[in-house]
Amino acid sequence: AEVAAWASQYLVLLDALLTDPSCALAALPRMDEATESWLVDACNRTTTEYPRDASVTELFAGVLATHADHVAVVEGDRATTYATLDALAERLAARLRDAGVGAGDRVAVTMGRSTELVVAMLATLRCDAAYVPIDPAYPEARRASMIDLADAAVTVAHDGTGFTITANERTDRAVTSTGSGDGSPACAAAYVMFTSGSTGTPKGVVVPHRGIVRLVRDTDYVDF
């Protein structure tokens, strides 16, 4: 079947050459109209509907309302429900607000993959701020540079017993935003991800709530 398809496409090419021998190579058809339409239209139909105007915190609230007792995070033998995650995040969010964190601020989160990391991310979003994930294993100079470039208001860490919040000096540095800027909650900054810096100085890129929602909600490749 595959060879037959190649032969069919080759005949299309030959017919075009015989019809117009002076035709530029780039303008010659490589397949018949039906095959081209199938490849271009059917195989590339990637538009999907998703809650494009919803923020991550709004969607979390919806899940919490219907699945409060379901497991939200698993870390080893430790399982945390949505209700517990909500309570932990709200407690930390209150501390962040007391530390002066508000809309548009950025919060450096320096901890490894853990339940506390998810709590810190959610707590930051609840303050209408954006989190900046920083691997604590990075050299101190790299961590300090990321915090400075992101202009993070505070740094949140976990010492094994509880969260610590440390205020940072502000620099009012600019970072690149991927949002459309229409003013909706979905366009607000959710997090700042730094490039590897393998070809230059690491750069922080702001990703809006909509970027996260588009990636994980109502997808056709995996059911979250």
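Using only the alpha-carbon atoms, how far is helix 2-19 inclined from the longest principal axis of the chain? Give it as 0 to 90 degrees, nearest 10. That helix lies at roughly 60 degrees to the long axis.
Based on the alpha-carbon gyration tensor of the chain, what equivalent-ellipsoid semi-axes (square roots of 5 times the eigenvalues) come out, in whole Å, largest first?
Working: eigenvalues 455, 105, 55 Å².
Taking √(5λ) for each eigenvalue gives 48, 23, 17 Å, largest first.
Separation of region 138-158 and region 1-21, taken as the distance between their Cα centroids, equals 60 angstrom. Note on region 92-224: along the principal axes its Cα atoms extend 40, 37, 29 Å, ordered by decreasing extent.
Structure remark: mean-square fluctuation, Gaussian network model of the chain, C-alpha springs under 10 Å; the largest value among VAL101, VAL74, VAL213 belongs to VAL74.
Counting other C-beta atoms within 10 Å, and keeping those with at most 11, which DSSP coil trypsin sites (Lys or Arg not before Pro) do you find in region 65-117? Hits after loop and neighbour filter: ARG113. By the compact-protein rule of thumb, 2.2 N^0.38 Å, the alpha-carbon radius of gyration of region 130-174 corresponds to a ratio of 1.16. Once C-alpha pairs closer than 8 Å and six or more residues apart are averaged by separation and normalised to the residue number of region 98-224, the relative contact order reads 22 percent.
Residues whose amide H lies under 5 Å from that of HIS158, counting only those 5 or more places away or on a different chain, are THR164; hydrogens are built 1.01 Å from N in the peptide plane. To the nearest Å, what is the center-to-center distance of region 32-109 and region 182-224, using C-alpha atoms only? One Cα centre to the other: 11 Å.
For the chain, the mean residue ellipticity at 222 nm estimated from helices alone is -11500 deg cm²/dmol, where every DSSP H run of n ≥ 4 contributes -39500 (n - 2.57) and the total is divided by all residues, rounded to the nearest 500.
Counting only protein heavy atoms and a 1.4 Å probe, tell me what percentage of the chain's accessible area is made up of carbon and sulfur.
On the way: 7460 of 13530 Å².
Roughly 55 percent, rounded to a whole number.
Couplings for region 52-62, taken from phi via the Karplus curve 6.51 cos²θ - 1.76 cosθ + 1.60 with θ = phi - 60°, read 5, 9, 9, 8, 4, 5, 5, 5, 5, 4, x Hz in order; Gly and Pro are left as x.
Using C-alpha pairs below 8 Å separated by at least 6 residues, the relative contact order for the chain is 18 percent. A dipole drawn for the chain from +1 and -1 charges on Cβ atoms has a positive end, and of ALA34, PHE224, ILE147 the residue lying farthest that way is ILE147.
Geometric descriptor of region 20-120, per residue, is 255 Å³ (volume of the convex hull of the Cα atoms). Charges were assigned to the Cβ only: +1 to each Lys and Arg, -1 to each Asp and Glu. The resulting dipole of region 1-151 about its Cα centre is roughly 620 debye. If you take the square roots of the eigenvalues of the alpha-carbon gyration tensor of region 101-176 and sort them as a ≥ b ≥ c, do you get rounded (a/c under 1.5), prolate (a/b over b/c) or oblate? Cα axes put region 101-176 in the oblate bin. When exposed loop sites are taken as GluC sites (Glu not before Pro) in a DSSP loop with at most 11 other Cβ atoms within 10 Å, the longest stretch of the chain clear of them is 50-168. Which of GLY104, GLY211, GLY160 ends up with the largest GNM mean-square fluctuation for the chain, with Cα atoms connected below 10 Å? Ranking GLY104, GLY211, GLY160 by mean-square fluctuation puts GLY160 first.
The values are calculated or read from the model by the stated rules, or taken from the named source; none is laboratory data. A quick note: this is a predicted structure, and the numbers were derived from the prediction, not measured. Neighbour counts run over all protein chains shown; Cβ positions are idealised from the backbone, glycine included. All accessible areas refer to the heavy atoms of the entire protein, side chains included, with ligands and DNA or RNA removed. Shrake-Rupley method; radii C 1.70, N 1.55, O 1.52, S 1.80 Å.
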